[in-house]
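The values are calculated or read from the model by the stated rules, or taken from the named source; none is laboratory data. Keep in mind it's a predicted model, so treat the numbers as computed, not measured. Cβ placement follows ideal geometry from the backbone for every residue including glycine, while neighbour counts extend to all protein chains displayed.
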C-alpha cells in the first residue's frame, strides 16, 4: 500500500493526536484515512468534485488564495513613525501571537478547541523565533506587532490590539516584504483565507497578484483533542 499521509508533527505536539496532510485525493489516498485514527488535512483544486472527498468523512474548512509578487511590481508604502527591526522581546512577540490569530482554519474547525488553535499559532511563532524568521514591527519605537516569513513566503502578520485599526498594517507589511526582497528574493508569495478580504486587498495594493486557489478539507477519525 502506498503511503499518502504526510505526518505533521507541528500539529501533533499541540493536539496530542496523530495528524497528517494528504499528498493526493485519489480513492486509495482517501481510504488510508479510514484505517488510521487522527486528524487529516486535504488541499485540492477548487474544481475538484468534493462528492467522494465528503463521502470519506471530510468536511470543507477553507479556501486559500495564493498571491505572488515580483520585485519589479512591488509597491512600497511606508507610514511615518513605523519601522522594522530584528531585535525584540521574545515573550512580547509570543503574547501577540497568542491573541492575534482568531480566524485560522483550526479556529473554525469544530473538532479543535480554540485553546489548542491558539497554542498552535504560538508554538509556530516560537519555532520561527528560533529560526530567526521574525521581524519586530515598531511604531514610535514601541513594539506594535511582528512579521514572520520563511524564505520567499510571507507567513504571518500579528498586530497588538492597541495598534489595530490605526492604518499601520499596510506600512508594516510593505516593510516586511521589502526586507525579504533585500535578502535576494525576486518574487514573494503568501497564502490567505478567502474569508480574509481585508488581507487580500492589502496584498493586492502592494502589487501581489492571484496565482492559484486551494480548497481545504479536514477530517477527524477517532477521539477529538481535548482543550487546555
The correct count of residues that are at pLDDT 95 or above and assigned to a strand (DSSP E or B) in region 192-212 is 1
Looking at region 2-17, which of the residues that are crowded, with 18+ Cβ neighbours inside 10 Å and under 20 Å from the mean Cα position of the chain (by Cα) is farthest from residue 121 (Cα to Cα)? 15
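Name the residue that is surrounded by the fewest Cβ atoms within 10 Å (Cβ to Cβ), counting only residues in region 175-191 that are in a helix (DSSP H, G or I) and in contact with a strand residue (DSSP E or B) (Cβ under 9 Å, 6 or more places away or on another chain). If you could, list the steps in order and put the result at the bottom.
Keep residues of region 175-191 that are in a helix (DSSP H, G or I), which gives 175-182.
Subsequent filtering for residues that are in contact with a strand residue (DSSP E or B) (Cβ under 9 Å, 6 or more places away or on another chain) retains 175-181.
Details: 175: 21, 176: 22, 177: 26, 178: 17, 179: 15, 180: 22, 181: 18.
Of everything passing the filter in region 175-191, 179 is surrounded by the fewest Cβ atoms within 10 Å (Cβ to Cβ).
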Residue 106 is checked against (1) farther than 21 Å from residue 218 by Cα; (2) out of contact with any strand residue (DSSP E or B) (no Cβ under 6 Å at 6 or more places or on another chain) and fails just one. What number does that condition carry? (1)
Among (1) more than 25 Å from residue 19 (Cα to Cα); (2) without any contact (Cβ under 8 Å) to a residue 40 or more places away in the chain, residue 178 falls short only on (2)
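Out of everything in region 139-173 that is assigned to a loop (DSSP other than H, G, I, E, B) and farther than 19 Å from residue 191 by Cβ, what residue ends up being nearest to the chain's Cα centre (by Cα)? I'd like the intermediate steps shown before the answer.
Looking only at region 139-173, we keep the residues that are assigned to a loop (DSSP other than H, G, I, E, B), and these are 140-141, 151-152, 160, 164-168.
Okay, now just the ones that are also farther than 19 Å from residue 191 by Cβ, so 140-141, 160, 164-168.
Values: 140: 28, 141: 27, 160: 18, 164: 19, 165: 21, 166: 23, 167: 22, 168: 20 Å.
Filtering first and then ranking leaves 160.
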For region 47-74, give me the residue count where each residue is surrounded by 13 or more Cβ atoms within 10 Å (Cβ to Cβ) and either without any contact (Cβ under 8 Å) to a residue 12 or more places away in the chain or part of a helix (DSSP H, G or I) (or both). 4
Within region 140-155, considering residues that are in contact (Cβ under 8 Å) with a residue 40 or more places away in the chain and surrounded by fewer than 17 Cβ atoms within 10 Å (Cβ to Cβ), the one farthest from residue 129 (Cα to Cα): 140
Would you call residue 17 in a helix (DSSP H, G or I), in contact with a strand residue (DSSP E or B) (Cβ under 8 Å, 6 or more places away or on another chain) and touching a residue at least 60 places away in the same chain (Cβ under 8 Å)? no
Determine whether region 156-174 contains at least one residue that is modelled with pLDDT of 95 or more, surrounded by fewer than 17 Cβ atoms within 10 Å (Cβ to Cβ) and closer than 21 Å to residue 76 by Cβ. no
